[in-house]
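Remarks on the structure that follows.
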Amino acid sequence: MTGWEEIRDEVLRRIRARLWVPGATIPTEEALAQEWGVARATVNRALRELAGEGVLERRRKVGTRVTLHPVRKATLDIPVTRREIEARGQRYGYRLLAQAEAEPPPAVALRLGLPPGGRLLRLECLHFADGRPVLLEDRWLNPEVVPVLPDFHRISANEWLVAHVPWTTGDIAFSAANATAAEARLLDLAEGAALFIVERTTWESDCPVTWVRLAHAPGYRMHTLL
């Protein structure tokens, strides 16, 4: 039986062979489903994947066409900090600094789509490489997605969530910031040192999972695929 992966590959083959040139409108889902003897939903899945990769453009009441100028997109996974550090050949360490239920700041509640007055679990921790602090993690976690809390003194929320809590969508922002006095003390840096900041929010369907701010000490490098 032909699956959506085979249909995706055949669509790509036709585009690369210039059977469907850039800017050309391709056959409808109904026509392709009939050609390959599959359900329309199977064709839809294949075309959605290619649209997500920037190969096709899909517009309601217009159809699907080959992108004139395909845009290659970076692939960003949620990394496990321990694995990142160990992959560099360094010894990993972790310390939970604080854990408590609290009302999140308005900006965090807004990012998570939560009404004022709700309570989330706040976790603050440090990650170490060869005994030196390299990452300060400030996380707000929705307790509804974690019915039974693990011992976050033994495992970081980062690693536990990646392994146990699914997510369907999210957003991520990158910025630079100067270390505050508190951040400098925890990261063993001079106050005002440049930090690489990652802010990430994830949801499972319409349910928020977590918002986290990651403050990386100088020297951190992010790696992704194109």
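Excluding F128 itself, calculate the net charge of residues whose Cβ lies under 11 Å from the Cβ of F128, where each Lys or Arg counts +1 and each Asp or Glu counts -1.
Cβ neighbours under 11 Å give a net charge of +2.
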Net charge of neighbours whose Cβ lies under 14 Å from the Cβ of L187, counting Lys and Arg as +1 and Asp and Glu as -1: -2
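Can you give the extra length, in nm with one decimal, that the chain gains between L110 and D130 once fully stretched, where that is 0.36 nm per residue apart less the Cα-Cα distance?
Residue separation times 0.36 nm, minus the Cα-Cα distance, leaves 3.5 nm.
In region 16-47, what trypsin sites (Lys or Arg not before Pro) fall in a loop by DSSP, with at most 16 other Cβ atoms inside 10 Å? Present the calculation step by step, with values, prior to reporting the outcome.
Working: sites: R16, R18, R40, R45; in loops: R18.
For trypsin sites (Lys or Arg not before Pro) across region 16-47 that sit outside H, G, I, E and B with at most 16 neighbouring Cβ atoms in 10 Å, the list reads R18.
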Sequence of V162, V66 once ranked by neighbouring C-beta atoms within 10 Å, starting from the fewest: V162, V66
If each part is reduced to its alpha-carbon centroid, region 1-73 and region 107-162 end up apart, in Å, by 40 Å
Using the crude model of +1 on Lys and Arg Cβ and -1 on Asp and Glu Cβ, and no other charge, please compute the dipole size for the chain relative to its Cα centre, in debye to 20. 760 debye
For a quick check: sort S156, S205 by the number of other beta carbons within 10 angstrom, fewest at the front. S205, S156
Entry for semi-axes √(5λ) of the Cα gyration tensor in Å (calculated from the structure that is shown) out of (i) 32, 18, 15; (ii) 35, 22, 14; (iii) 43, 21, 17: (iii)
Could you work out which residue, out of L50, L136, L187, moves most in a Gaussian network model of the chain, that is, has the largest mean-square fluctuation with Cα springs under 10 Å? L50
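So, counting K/R as plus one and D/E as minus one, what does the shell of residues with Cβ under 9 Å around I85 add up to? Don't jump to the answer; show the numbers that get you there.
Numbers: positive: R82, R83, R88, R91; negative: E84, E86, D130.
It works out to a net charge of +1.
The numbers here are math on the coordinates, done by the rules we state, and not lab data. It should be emphasised that the depicted structure is a prediction, and the values quoted were computed from it without experimental measurement. Virtual Cβ from ideal backbone geometry, glycine too; neighbours counted across all protein chains shown.
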